[in-house]
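A short write-up of the structure that comes next.
The values are calculated or read from the model by the stated rules, or taken from the named source; none is laboratory data. Since this is a predicted model, take the numbers as computed values, not measurements. Every residue, glycine as well, gets a Cβ built from its backbone with ideal geometry; the counts of neighbours run over all protein chains shown. Calculation scope for accessible area: heavy atoms of the full protein, side chains included, ligands and nucleic acids excluded. Shrake-Rupley method; radii C 1.70, N 1.55, O 1.52, S 1.80 Å.
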Amino acid sequence: IPAHRARDIERQAGYLKPEHCAPPPPRTGSDTMWFIRDSCGIVCGIITWLLVFYAEFVVVFVMLLPAKNVAYSLINGVLFNGLAFLALASHAKAMCTDPGAVPKGNATKEFIESLQLKPGQVVYKCPKCCSIKPDRAHHCSVCKRCIKKMDHHCPWVNNCVGENNQKYFVLFTMYIALISFHALLMVAFHFVFCFEEDWTKCSNFSPPATVILLILLCFEGLLFLIFTAVMFGTQVHSICTDETGIEQLKKEERRWAKKSKWMNMKVVFGHPFSVAWLSPFASPDHGKADVYQYIV
């Protein structure tokens with residue numbers, strides 16, 4: 001079966017049956033912040049924050065505060081807490097940023113006619129959210145919207161990873177991987193220190209409790225390091241090749257112009273390169289980095 005039969009495609013506005021689409025609902029004050037009301041995603045997001053807070057607790061109260069070396073505690077405390085803050089900030093931005101949702105219900109006769117389609121030009125209508133889909137947009141069954149350059153839906157951030165929030169998701173995976181690696185290093189140093197010294201002097205907790213807390217942190221750090229490092233590498237590769245996860249999975253025909261890897265990075269993180277690439281508080285300014293550039 002040809003792929004185009006799976007979609008509602010036609011050059012004529014009348015065939016798209018715009019009368020079956022209600023006009024888009026008026027935007028209210030409650031729509032200013034993007035948040036997906038998905039119970040699974042909300043639980044996963046809460047778990048993510050709780051795991052980071054657990055790591056904070058063990059690092060600060062079990063390993064750093066009891067340490068006799070003030071410089072060691074201060075340097076590692078500032079570094080770990082700084083990275084943890086950036087990780088949680090990136091998570092919040094990835095979760096509460098509109099990933100690039102197509103206006104719902106815009107497949108009206110007036111909107112279709114305003115596109116001024118050229119003869120032979122094909123438009124795509126999503127029958128689920130009743131919207132005209134831009135190129136490289138896909139429908140998310142969880143968000144119940146079509147998302148521009150949708151890579152995938154991630155329950156851990158309770159949101160789709162798309163055109164507008166991919167930067168924050170990449171930063172989230174990077175900072176989680178960094179704090180996981182940092183925590184594992186500190187756990188290793190703490191075990192060595194406690195074996196050489198008296199266990200009662202290396203922690204404010206009892207030796208059994210200290211060992212259990214450190215082992216749990218070690219397991220958490222190792223698990224999240226592997227998971228987020230792989231996800232970070234996958235996302236960077238996807239950005240450099242300018243092909244989303246869905247496009248790779250479906251092996252969709254490439255109809256957009258090929259750009260350099262560096263330009264593709266600028267499209268996601270901002271143009272030109274700056275330290276703002278590492279900040280979850282800086283919205284990417286595309287500037288000269290063309291987001292959509294198609295082969296004519």
* Structure fact -> Those residues of the range 123-144 that are open to solvent by 60 Å² or more (accessible area, probe 1.4 Å) and either within 18 Å of Leu249 (Cβ to Cβ) or among the aliphatic types (A, V, I, L, M) (or both) come to a total of 1
* Asked: Which residue pairs have Cβ atoms under 9 Å apart, sit 6 or more places apart or on different chains, and have a first residue in the range 149-160 that is more than 26 Å from Arg255 (Cβ to Cβ) and in a loop (DSSP other than H, G, I, E, B) and a second that is open to solvent by less than 40 Å² (accessible area, probe 1.4 Å) and among the aromatic types (Phe, Trp, Tyr)?
  -> Trp156/Phe172; Val157/Tyr168; Val157/Phe169; Val157/Phe172
* To do: State which residue is modelled with the highest pLDDT when the search covers only the range 248-296 and only residues that are surrounded by fewer than 14 Cβ atoms within 10 Å (Cβ to Cβ) and basic (Lys, Arg).
  => Lys261
* Kindly indicate whether Phe85 is without any contact (Cβ under 8 Å) to a residue 12 or more places away in the chain and either surrounded by 15 or more Cβ atoms within 10 Å (Cβ to Cβ) or within 28 Å of Thr244 (Cα to Cα) (or both). => yes
* To do: Being within 18 Å of Lys149 (Cα to Cα), open to solvent by less than 30 Å² (accessible area, probe 1.4 Å) and polar (S, T, N, Q) is the filter here, so list the residues in the range 226-240 that pass it.
  => Gln235, Ser238
* Please determine, by comparing only the residues of the range 83-133 that are polar (S, T, N, Q) and assigned to a helix (DSSP H, G or I), which one is farthest from Tyr168 (Cα to Cα). => Ser114
* Structure fact -> When the range 193-229 is checked residue by residue, the ones that are in a helix (DSSP H, G or I), of a type in the set (A, V, I, L, M, F, W, C) and either modelled with pLDDT under 85 or in contact with a His (Cβ under 6 Å, 6 or more places away or on another chain) (or both) are Phe193, Cys194, Phe195, Trp199
* Asked: Just wondering, is there one or more residues in the range 50-58 that are within 28 Å of Pro284 (Cβ to Cβ), open to solvent by less than 20 Å² (accessible area, probe 1.4 Å) and modelled with pLDDT of 95 or more?
  -> yes
